[in-house]
Ligand SMILES: Cc1cc2nc3c(=O)[nH]c(=O)nc-3n(C[C@H](O)[C@H](O)[C@H](O)COP(=O)(O)OP(=O)(O)OC[C@H]3O[C@@H](n4cnc5c(N)ncnc54)[C@H](O)[C@@H]3O)c2cc1C
């Protein structure tokens, strides 16, 4: 197996263009499992860990542009205040060792429906930046996921970064697993309140062929919430929101859970996430 090790972004893109079948590796927390289990035997590996551009994050036209090589640990430490939903999700990823190595770029690269970064990226309307030797393109995260472990990235492209607005309201992420830590989600749910736009963003994980948004639930709740007076939503409104979120899922029965259980759990997660986020929103006004 050939091992390619670019030290600049331009070099990495040139190597990928010359050999599109090359498998990128960053933290290696997915790639090494695949190699060790002999699921893949790529002819060449493209190690991106020496590309400094991938480790940068900073503001760009009112958004945050976060390099694909920023680890979960750094996201929590450096961006936790600005991206609270993604930071909550990052805290649930694996163990400290996995969070020190693993990156959102790698989560996007694997495009697993169970990846924990996806629901908060969907809920906050994130955009994925893809680059190749022939140019850069950006697409909303909701268009990036096209099938189970398949993304819209072309073979000659690398994931450069994601772009997302800093939180303009409370955000939540919750995950159901078969134990408390080091666990692949049975299902997960992310929610972002956007008081500026009077809108609620959602993201569903591990309950469909791709990460999903609960669009009908978003449409329903935006009109129900008392954005000005900040009165709490009624129990019936919360329940309906949960039902619509669960209805947006396309779960299967598998070793981690049944489709019925996933739908039930999602309704509960959605209802609770909204109640927690709304109570934070109401308390902010009071303090
Ligand atoms: C013990 C253990 C526990 C885990 N727990 C969780 C968990 O709780 N939640 C969770 O979501 N995941 C979990 N994972 C999976 C993994 O840690 C995450 O998916 C992580 O985000 C992968 O990031 P990475 O940098 O290690 O990716 P890598 O393994 O380096 O790469 C992953 C994929 O992305 C591609 N890739 C990497 N960088 C780029 C790039 N810049 N451009 C294009 N393609 C790229 C690779 O080719 C590969 O297909 C766990 C893994 C292990 C081993």
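Where a number appears in this text, it was derived from the coordinates with a stated rule and is not lab data. Quick caveat, the model's predicted, so the values are computed rather than measured. Here the Cβ is made from the backbone with ideal geometry for all residues, glycine too, and neighbour counts use every protein chain on show.
When the chain is treated as a GNM with alpha-carbon contacts under 10 Å, the residue of 72, 145, 261 showing the greatest mean-square fluctuation is 261.
Based on Cα contacts under 8 Å between residues 6+ apart, the chain shows a relative contact order of 16 percent.
Could you tell me the center-to-center distance, by alpha carbons, between the range 62-128 and the range 207-268 in angstrom? About 22 Å separates the Cα centre of the range 62-128 from the one of the range 207-268.
Based on the alpha-carbon gyration tensor of the range 114-238 and its eigenvalue square roots a ≥ b ≥ c, which shape applies: rounded if a/c is under 1.5, prolate if not and a/b is larger than b/c, or oblate? It comes out oblate by the Cα gyration axes. The label-point distance for residue 196 and residue 81, in a model that sets each label 7 Å from Cα toward Cβ, rounds to 1.7 nm.
Taking Cα atoms only, the orientation of helix 259-286 departs from the longest principal axis of the chain by about 70 degrees. FRET efficiency for the residue 18 to residue 63 pair, using the beta carbon distance and R₀ = 35 Å, is estimated at 0.65. Once divided by 2.2 N^0.38 Å, the Cα radius of gyration of the chain becomes 1.01.
Evaluate the relative contact order of the range 50-192 (contact order divided by residue number), counting alpha-carbon pairs under 8 angstrom at least 6 apart; express in whole percent. Please report the intermediate quantities before stating the final value.
Working: 283 pairs, mean separation 39.1, N = 143.
It rounds to 27 percent for the range 50-192.
The angle between the Cα long axis of helix 215-224 and the main principal axis of the chain comes to about 40°, on a 0 to 90 degree scale.
What angle do you read, to the nearest 10 degrees and between 0 and 90, between the alpha-carbon axis of helix 9-18 and the longest principal axis of the chain? Once rounded, one gets 70 degrees. Per the Cα gyration tensor, the range 8-78 maps to an equivalent ellipsoid with semi-axes of 26, 17, 8 Å, ordered largest to smallest. Distance between the pseudo-spin-label points of residue 56 and residue 222 (7 Å out from Cα toward the beta carbon): 3.4 nm.
Is the C-alpha gyration tensor of the range 105-145 telling us rounded, prolate or oblate? Criteria: a/c under 1.5 is rounded; beyond that, a/b larger than b/c is prolate, otherwise oblate. Each step should come with its number before you reach the end.
Numbers: a/c = 2.80, a/b = 1.57, b/c = 1.78.
Judged from the Cα gyration tensor, the range 105-145 comes out oblate (a/c at least 1.5, b/c at or above a/b).
Summary value for the range 128-277: 20 percent relative contact order, contacts being C-alpha pairs under 8 angstrom separated by 6+ residues. From the square roots a ≥ b ≥ c of the eigenvalues of the alpha-carbon gyration tensor of the range 242-287, which class results: rounded (a/c under 1.5), prolate (a/b over b/c), or oblate? Prolate is the answer for the range 242-287, as a/c is 1.5 or above and a/b outweighs b/c. For a paramagnetic label modelled on residue 150 (point 7 Å from Cα along Cα→Cβ), amide N atoms under 18 Å away belong, within the range 21-49, to 21.
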